[in-house]
Structures are given as structure tokens and as C-alpha cells.
Amino acid sequence: MIKDPYPVDRQMIGEVYDLIEIFPYFQSAHMLLLKGLRNLADVKFENQLRNSAIHIADREVLYYMLNTETFQVA
């Protein structure tokens, strides 16, 4: 899901929100949520970015994922 360049749908966003409620420190879920909100141009993106950034250890990876078209997963 992180490598997929196509926009995600609203259903996936809802499922990721549920996952974050269960596991609030799951970094990958926060990154997926931000990617989805960004791709959908959701108005909640900026607020969620502030909330999720504190749960992501390497913000450089987050920046790269959100600001490049081709994100490589190691």
C-alpha cells in the first residue's frame, strides 16, 4: 500500500483510522493515513500531519514519501 502510486479510497482511510485507534504508535499506519489523505486532497491532511508526525521516528522518510512521486521501500 505504501508503494502503490495510485490514490487510495475513503474506505481504506477509514480502516487505517481504526488501525491507529488500536495501535496508536504504529508508524507505518500513520504514514499510510497521511499518504491517503494527501492523495485525496482531504481537508484533514494538515491537522493529521501535525498529529501523526510525533509518532513517526524518521520524519525524513515521511517527507520523502509525501513529496516524491516514486517512493522506494527498502
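Quick note: the coordinates plus some simple rules give every number you see, no bench work behind them. Computed from a predicted model, the values in this text were never measured in an experiment. Using ideal geometry, Cβ is built from the backbone for each residue, glycine included, and neighbour counts are taken over all protein chains shown.
Net charge dipole, segment 10-74: roughly 120 debye, given to the nearest 20, about the Cα centre with Cβ charges of +1 for Lys and Arg and -1 for Asp and Glu.
Couplings for segment 8-25, taken from phi via the Karplus curve 6.51 cos²θ - 1.76 cosθ + 1.60 with θ = phi - 60°, read 8, 9, 5, 5, 5, 4, x, 5, 5, 4, 4, 4, 5, 5, 6, 10, x, 9 Hz in order; Gly and Pro are left as x. Counted residue by residue at 0.36 nm each, then reduced by the alpha carbon distance between them, the extension gain from Arg50 to Gln27 reaches 6.9 nm. Along segment 36-45 the Karplus relation, 6.51 cos²θ - 1.76 cosθ + 1.60 evaluated at θ = phi - 60°, assigns HN-Hα couplings of x, 5, 5, 5, 8, 6, 6, 5, 7, 4 Hz to successive residues, with x for each Gly and Pro.
Could you tally the net charge around Leu37, taking each other residue with its Cβ under 10 Å from the Cβ of Leu37, Lys/Arg +1 and Asp/Glu -1?
Details: positive: Lys35, Arg38, Lys44; negative: Asp42, Glu46.
For residues surrounding Leu37, the net value is +1.
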